[in-house]
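Comments concern the structure below.
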Amino acid sequence: MSDPSGEMRELAKKLLENGEVDRIIGWEKGNLWYQSPPLFITRAEETDRLVFDDFAINSLVTYLLDERDSGKKTGIFVKGCDSRGLVRILQDKQIARESVYVIGLPCSGKKDPRQALSSGASESSQVPPAAKCEECLYPNPVIYDVIIGEAVEAKAKGDRFAAVKEIEAKTADEKYAYWTSQYSKCLRCLACRNVCPACNCRECAFDISKPRILAKENNLSHNMVYHLTRAFHAAGRCVECGECERVCPMGIPIMQLNKKIIKEINDLFGPYEAGVKLDETPPPLGTYQTSDPEEFM
Ligand code: SF4
Ligand code: SF4
């Protein structure tokens, strides 16, 4: 893939100079070769800092929530997976479509900085593609005002639910042992929530102190409340961006539960992918009919 950084800088500069946007969110080169953290700029002379290299893996769309009431317009760069997160935020009416200028970037896969660090690699070519990119279904942005670069083919091959089936094959006791061993590692740092485009509530139930839902102490039962609540909150709304699992410092397989829920929804309501079409009808679990069965009541 050719380097689109030049075109990105030129466009961002024009948008800021013309006053079409108040700020731009993209990526810049970090201090180390395997870091390309988010970049926030408001002045045209800063646009030369923008890059789109192997490590521009962070989704930037949740940063739109920080300015949701400001009345300002943001220019934002999105890869395919990020664009589905943006659709999620727009469908949830957390920001207005006209408050964002979307610059799409087809993406042939990114690399994980933590994997670069732990592998002892000394350059990008030695680092394998990030796990979430190996499972990518939408490498091309599903929403944009302008796109830079040529469309690329999706990489994902094989069974999307293979990891779910591994868990399903376990007995109930084995499942309990598996998940409790995973959730007991959780630090409750909330990084997985903070990066999630489906976790876009103005006030999160886990942050309030009256009533307090989660104890301050870290223990297994409260960790399970956190994970199960979050998984059900995102049910039918998870866009499979994989950011929650990627940022978890404890390596908890968060996507395994997310995908289990997606698989169940597909089985119960028919094939469904969240965050793919902006004008689609509400997702399963996001609407109801008066004739819906109520056996669970
Ligand atoms: S990012 Fe990992 S450690 Fe932090 S709250 Fe989420 S699951 Fe727990
Ligand atoms: S739950 Fe994870 S995969 Fe789903 S939208 Fe949130 S961050 Fe993305």
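Read the figures in this text as sums done on the coordinates, not as results from a lab. Here the structure is a predicted model, which is why all the values come from computation and not from measurement. Heads up, the Cβs are rebuilt from the backbone with ideal geometry, glycines too, and the neighbour counts pull from every protein chain shown.
Details
- Contour minus Cα-Cα distance for residue 180 and residue 220 (0.36 nm per residue): 13.7 nm
- Compared with the dominant Cα axis of the chain, that is its longest principal axis, helix 80-91 is turned about 70°.
- Take each peptide in 145-153, 94-102, 188-196, count the other Cβ atoms within 10 Å of every residue, and average; sorted highest first, the result is 188-196, 94-102, 145-153.
- Gyration tensor verdict on region 152-232 (Cα atoms; rounded if a/c is under 1.5, prolate if a/b is larger than b/c, oblate otherwise): oblate
- Classified by the C-alpha gyration tensor, the chain has a prolate form. Its axis ratio a/c, with a ≥ b ≥ c, is 1.5 or above, and a/b is larger than b/c.
- Derived scalar couplings ³J(HN,Hα) [region 201-215; Karplus, 6.51 cos²θ - 1.76 cosθ + 1.60; whole Hz; x for Gly, Pro]: 4, 4, 10, 7, 4, 7, 9, 7, 9, 9, x, 7, 8, 10, 5
- Cα-based Lys pair tally, region 37-128, threshold under 27 Å, eight or more apart or on separate chains: 5
- Using a Gaussian network model of the chain in which every pair of alpha carbons under 10 angstrom is joined by a spring, one finds that among 219, 18, 58 the greatest mean-square fluctuation is at 18.
- Taking amide H as placed 1.01 Å from N in the peptide plane, the amide H of residue 56 sits under 5 Å from that of 111, each at least 5 places away or on another chain.
- Relative contact order, percent, region 189-297 [alpha-carbon distance under 8 Å, six or more residues apart]: 26 percent
- Lysine pair count for region 162-269 [Cα-Cα under 25 Å; pairs on different chains or 8 or more apart]: 16
- Cα shape, region 73-213, gyration tensor, a/c 1.5 rule: oblate
- Whole-Hz ³J(HN,Hα) from phi, Karplus 6.51 cos²θ - 1.76 cosθ + 1.60, for region 114-124, glycine and proline x: 5, 5, 4, 5, 6, 7, x, 5, 10, 7, 4
- Magnitude of the charge dipole for the chain, about its Cα centre and with charges confined to Cβ atoms of Lys, Arg (+1) and Asp, Glu (-1), is about 720 debye.
- GNM top mover of 137, 285, 16 - the chain, alpha-carbon springs below 10 Å: 285
- Between 0 and 90°, nearest 10: helix 220-233 axis offset from the chain longest Cα axis: 60 degrees
- GNM flexibility winner over the chain from 208, 24, 167 (Cα, springs under 10 Å): 208
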